[in-house]
Amino acid sequence: MDIKSVFERIRSNWIASSIATIIIGLILLLFPTVTLNFISYCLGAVALVMGVIRTVRYFQQDHTYPFLFQSDLVVGLITIGLGIFMMTQPKTVISLIPHIFGILVAGCGVGNILRAMDAKKAGLSQWGFLLGLAIISVVLGLLIMFNPFGALELVVTIIGGGLIYEGAT
């Protein structure tokens with residue numbers, strides 16, 4: 001397997017993940033009063049499937065470039081656990097939704113900050129723009145996580161907007 005096909009596979013996985021994130025964000029943004037138990041089950045199922053995909057992908061790799069997939073097994077297993085928890089404990093998840101999504105958005109933002117720094121090291125001129133978007137992700141994640149607005153419906157709407165933004169970045 002050559003490096004170009006590895007990066008094409010990574011790119012297609014990022015695009016699929018971004019599209020899924022945008023779709024979930026649109027649903028939350030447009031229908032904030034939808035039953036939160038249903039959202040917990042759906043998000044749990046998505047997390048479970050994504051975890052299984054990452055875990056399977058880890059075992060399917062040919063280990064030519066192991067550094068590109070080294071986190072897939074750990075992240076896959078954690079995501080599977082998160083998915084099972086979300087589907088079996090929806091009331092707990094409902095109370096944790098702002099915090100869970102805040103952590104996810106902020107965590108993705110931190111990852112994007114690292115990517116922006118890598119882009120700077122690689123000499124890409126857009127690294128500053130990428131860094132700015134990443135910082136916005138971290139700030140948005142922290143706002144969601146600490147829930148300064150109080151109303152769960154508003155938080156769900158903000159989470160939806162945050163997911164759309166995160167998927168687009």
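Placing dummy labels 7 Å off each Cα toward the beta-carbon, the span from residue 95 to residue 20 is 2.8 nm. For the chain, complete DSSP H runs whose alpha carbons reach 30 Å or more along their own long axis and whose mean Kyte-Doolittle score is 0.0 or higher are 3-30, 36-60, 90-121. The candidate values were (1) 16.0; (2) 15.4; (3) 16.9; the one computed from these coordinates for Kirkwood radius over Cα pairs in Å carries the label (3). Over the residues of the chain, the helix contribution to mean residue ellipticity at 222 nm works out to -29000 deg cm²/dmol, using -39500 (n - 2.57) for each DSSP H run of at least 4. Measure out, as a whole number of angstrom, how far apart the alpha-carbon centroids of segment 85-148 and segment 1-24 sit. Value for the Cα centre distance between the two parts: 18 Å. Only protein atoms count toward the accessible area here, which uses a 1.4 Å probe; on the chain, the carbon and sulfur part of that area reaches 73 percent.
The values are calculated or read from the model by the stated rules, or taken from the named source; none is laboratory data. This structure is a prediction, so every number in the text was calculated from the model and none was measured. Cβ: placed from backbone, ideal geometry, glycine included. Neighbour counts: every protein chain shown. Ligands, DNA and RNA are stripped out before the accessible areas are found, and what is left, the full protein with its side chains, is counted by its heavy atoms. Shrake-Rupley method; radii C 1.70, N 1.55, O 1.52, S 1.80 Å.
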